[in-house]
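Chemist: My structure is below; once you've seen it, I'll send some questions.
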Amino acid sequence: ITDTSDAKARAELRAEIETFVCDGQFGDALQRILDRYLANLGTPRQDSAWISGFFGSGKSHLLKMLTHLWVNTAFEDGSTARTLIRGGLPDEVDAQLRELDTQARRTGKQAVAAAGSLLGGSVDYVRATVLSVLLRACGWPDQYPQAMFCFWLREQRLLETLRASV
């Protein structure tokens with residue numbers, strides 16, 4: 001589950017979204033995850049989702065599709081992940097994603113979906129791997145020292161100046 005922006009990866013992602021079947025078990029899983037997340041929005045604690053299943057059952061694919069539906073990934077032609085689902089999204093899932101957008105606008109915070117795999121990091125440093133997934137999803141460098149430097153630059157009100165200069 002990578003966030004690459006080259007043309008080949010974007011074309012492959014688009015094809016995956018266009019052929020994603022969002023009903024049955026996949027639709028039910030999306031609905032349960034979104035329902036739980038939205039139910040906890042007003043609380044100080046948000047549950048995580050654990051996706052499990054047999055090898056080859058579609059766990060990674062489900063997570064990848066949810067990630068792109070969550071943030072409604074846009075494509076160069078103006079289409080979005082949610083509009084590309086063949087046959088459309090189930091009504092309940094569509095309503096939940098619209099509510100997610102509404103809550104993001106209400107709070108003024110951008111929707112962020114952090115998805116990744118421990119296979120991409122070291123199993124000896126699970127916390128560091130999870131942190132790198134979260135940092136990358138929020139647009140920060142995925143390595144802790146570089147992210148901390150960027151946070152310091154932001155605190156010093158130098159980050160935007162430096163970005164503009166580079």
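The values are calculated or read from the model by the stated rules, or taken from the named source; none is laboratory data. Every value quoted in this text rests on a predicted model; they were computed, and no experiment measured them. Here the Cβ is made from the backbone with ideal geometry for all residues, glycine too, and neighbour counts use every protein chain on show. Calculation scope for accessible area: heavy atoms of the full protein, side chains included, ligands and nucleic acids excluded. Shrake-Rupley method; radii C 1.70, N 1.55, O 1.52, S 1.80 Å.
Chemist: Using a 10 Å cut-off on Cβ atoms, rank the peptides 88-96, 106-114, 45-53 from the highest mean neighbour count down.
Modeler: 88-96, 106-114, 45-53
Chemist: Averaged per residue, what accessible area in Å² does region 39-84 show with a 1.4 Å probe, protein chains only?
Modeler: Computed with neighbouring chains in place, this is 65 Å² per residue.
Chemist: So what's the Cα pair-distance distribution over the chain, bin width 10 Å, in %?
Modeler: 9, 32, 37, 19, 4, 0
Chemist: Percent relative contact order of region 42-166, based on C-alpha pairs within less than 8 angstrom and at least six residues apart?
Modeler: Once normalised by length, the contact order is 14 percent.
Chemist: Using the per-residue mean of other Cβ atoms lying within 10 Å as a proxy for protection, in what order, highest first, do the peptides 68-74, 26-32, 38-44, 138-144 fall?
Modeler: Going from most to least packed, we get 68-74, 26-32, 138-144, 38-44.
Chemist: Follow-up. I'd like the FRET efficiency for residue 10 and residue 40, computed as 1/(1 + (r/R0)^6) with the beta carbon distance as r and R0 of 25 Å, rounded to 0.05.
Modeler: Once rounded, the FRET efficiency stands at 0.15.
Chemist: Something else: Place a label point 7 angstrom from the Cα of residue 130 along the Cα-to-Cβ direction, then list the residues of region 76-113 whose backbone nitrogen is under 20 Å away.
Modeler: 112-113
Chemist: Loop-only check: which trypsin sites (Lys or Arg not before Pro) in region 129-166 are DSSP coil with at most 16 other Cβ within 10 angstrom?
Modeler: Taking region 129-166 and a limit of 16 other Cβ atoms within 10 Å, the loop trypsin sites (Lys or Arg not before Pro) found are 157.
Chemist: At 222 nm, what helix-only mean residue ellipticity would the chain give, in deg cm²/dmol to the nearest 500, using -39500 (n - 2.57) for each DSSP H run of four or more?
Modeler: -17000 deg cm²/dmol
Chemist: Here's another thing I want to ask about it. Given a 1.4 Å probe and every protein chain left where it sits, what share in percent of the accessible area of region 19-98 is carbon and sulfur?
Modeler: The C+S portion of the solvent-accessible surface of region 19-98 is 53 percent.
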